[in-house]
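Structure first, then comments.
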Amino acid sequence: MEPRKPLTLHRLRAMHAAGEKIAMLTCYDACFARVLDDAGVDVLLVGDSLGMVLQGQPSTVPVTLDEMAYHVQCVARGNRSAWVIGDLPFGSYHASLAQAVDSAARLMQAGAHMVKLEGGGWTAPIVAALVERGIPVCAHLGLTPQSVHALGGYRVQGRDDEGADTLRRHAAELGAAGAAMLVLELVPSALAAELATTLPMPVIGIGAGVGVAGQVLVLHDMLGLTPGRPPRFVRNFQQEGGAVDAAIRRYVAAVKDGSFPDESLHGY
């Protein structure tokens with residue numbers, strides 16, 4: 001099989017415009033970067049979820065910028081054609097615009113094609129500053145793990161009218177600021193679908209229903225490797241057996257044909 005052409009922001013936007021679903025998975029090292037890339041995953045998210053998945057931390061808050069840059073470098077070395085997003089960790093963009101620009105530059109120099117930051121409202125000027133400097137940005141709304149203590153735990157966001165209106169406002173502000181992609185986590189499926197149809201950028205869901213432009217899962221969750229009970233929106237693609245790359249191909253196919261996620265599994 002010939003290697004696919006590298007994914008670019010232009011191609012991702014074209015996929016979105018054509019209605020082709022975008023398949024994204026977290027990735028933290030060169031070995032899995034090659035496996036995911038070869039299996040057809042469109043976007044590799046070097047997430048600060050590595051704090052919980054790899055380091056055994058209770059949340060993503062302790063992850064540092066140095067750690068994120070290291071893992072972005074690892075993924076970039078193993079990847080050939082997927083689009084790579086690096087998470088800006090907690091505390092790396094909160095103090096000032098200058099801090100945010102410096103932190104984003106670190107991840108871009110490490111090999112990221114785009115950076116991701118969490119939250120709305122106060123983050124819109126940061127997004128605008130990064131985009132103005134040629135740094136593509138993925139925003140993240142809904143359940144924002146870096147703010148888990150302020151949110152009172154891992155809960156669905158935007159269920160009531162006030163929460164939904166806040167999400168709509170923040171999403172519109174981030175779009176106006178130039179965010180090129182938006183992740184919605186643990187958001188009611190009807191609200192997520194509404195935002196996906198009204199916003200100019202691709203909306204990627206995790207626990208946000210099927211009516212969005214694509215899906216993302218934590219790699220170890222979808223392979224059934226995470227200890228304990230997984231979130232109810234997660235499907236274990238390794239249950240059918242076979243090699244790891246076969247499970248990842250099943251995930252990509254299920255995202256592309258819309259059979260994942262199953263709306264009956266979360267019912268938000």
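Some notes on this structure:
- Here is the figure for region 55-93: residues that are over 17 Å from the mean Cα position of the chain (by Cα) and among the hydrophobic types (A, V, I, L, M, F, W, C) total 2.
- Residue in region 121-133 that is within 27 Å of Lys5 (Cα to Cα), in contact with a helix residue (DSSP H, G or I) (Cβ under 9 Å, 6 or more places away or on another chain) and not in a helix (DSSP H, G or I) present: yes
- Restricting region 178-210 to residues that are of a type in the set (Gly, Ala, Ser) and more than 24 Å from Leu44 (Cβ to Cβ), the residue that is most open to solvent (accessible area, probe 1.4 Å): Ala190
- For Pro3, the conditions (1) at positive phi; (2) at pLDDT below 95; (3) not basic (Lys, Arg) are fulfilled apart from (1).
- Scanning region 236-245 turns up at least one residue that is at pLDDT 95 or above, within 23 Å of Ala33 (Cβ to Cβ), in a helix (DSSP H, G or I) and in contact with an Asp or Glu (Cβ under 8 Å, 6 or more places away or on another chain).
- Test: residue in region 169-179 that is under 26 Å from Ser59 (Cα atoms) and outside any helix (DSSP H, G or I): yes
- Breaking point among (1) aliphatic (A, V, I, L, M); (2) in contact with an Asp or Glu (Cβ under 7 Å, 6 or more places away or on another chain); (3) assigned to a strand (DSSP E or B), for Leu182: (2)
- Tallying residues that are touching a strand residue (DSSP E or B) at 6+ places or on another chain (Cβ under 6 Å), part of a loop (DSSP other than H, G, I, E, B) and hydrophobic (A, V, I, L, M, F, W, C) within region 30-77 yields 1.
Residues checked against (1) closer than 19 Å to Leu12 by Cα; (2) touching a Pro at 6+ places or on another chain (Cβ under 9 Å); (3) open to solvent by less than 20 Å² (accessible area, probe 1.4 Å):
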residue	(1), (2), (3)
Asp161	no, no, no
Gly214	yes, yes, yes
Gln238	no, no, no
Asp257	yes, no, no
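- Filtering Ala33, Ala98 for residues that are over 19 Å from Ala213 (Cβ atoms) and either of a type in the set (Lys, Arg) or open to solvent by less than 30 Å² (accessible area, probe 1.4 Å) (or both) leaves a single hit, Ala33.
- Annotation note: of Ala171, Ala177, the sole residue that is of a type in the set (Gly, Ala, Ser) and within 30 Å of Asp257 (Cβ to Cβ) is Ala171.
The values are calculated or read from the model by the stated rules, or taken from the named source; none is laboratory data. Small disclaimer: the values here were computed from a predicted structure and weren't measured. All Cβ positions, glycine included, derive from the backbone under ideal geometry; neighbour counts span all protein chains shown. Ligands, DNA and RNA are excluded from the accessible area calculation, which covers all protein heavy atoms including side chains. Shrake-Rupley method; radii C 1.70, N 1.55, O 1.52, S 1.80 Å.
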